[in-house]
Amino acid sequence: MSIARLRARFVHTSNRKLYDRIHAVGSSTQRDELLIMAQRAELR
């Protein structure tokens, strides 16, 4: 399991909708990229 996926499990509930949408994405490589982008955006 990637670190991005692991971190997404512990995301605050305010961002839950975004992460639910990301998990709806079909391919796992796209999903990982989206998770990484979302987590980078959170750090800003």
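A count restricted to segment 32-44 and to residues that are among the charged types (D, E, K, R) and within 13 Å of R7 (Cβ to Cβ) stands at 3. The residues on offer are R44, R31, R21, R7, and the sole one that is of a type outside the set (G, A, S) and at pLDDT below 75 is R7. Does segment 24-44 hold any residues that are assigned to a helix (DSSP H, G or I) and either surrounded by 14 or more Cβ atoms within 10 Å (Cβ to Cβ) or touching a residue at least 60 places away in the same chain (Cβ under 8 Å) (or both), and which are they? Listed by number, the residues that qualify are R31, D32, E33, L34, L35, I36, A38, Q39.
The values are calculated or read from the model by the stated rules, or taken from the named source; none is laboratory data. Small disclaimer: the values here were computed from a predicted structure and weren't measured. Positions of Cβ are generated from backbone atoms using ideal geometry, with glycine treated the same way; all protein chains shown enter the neighbour counts.
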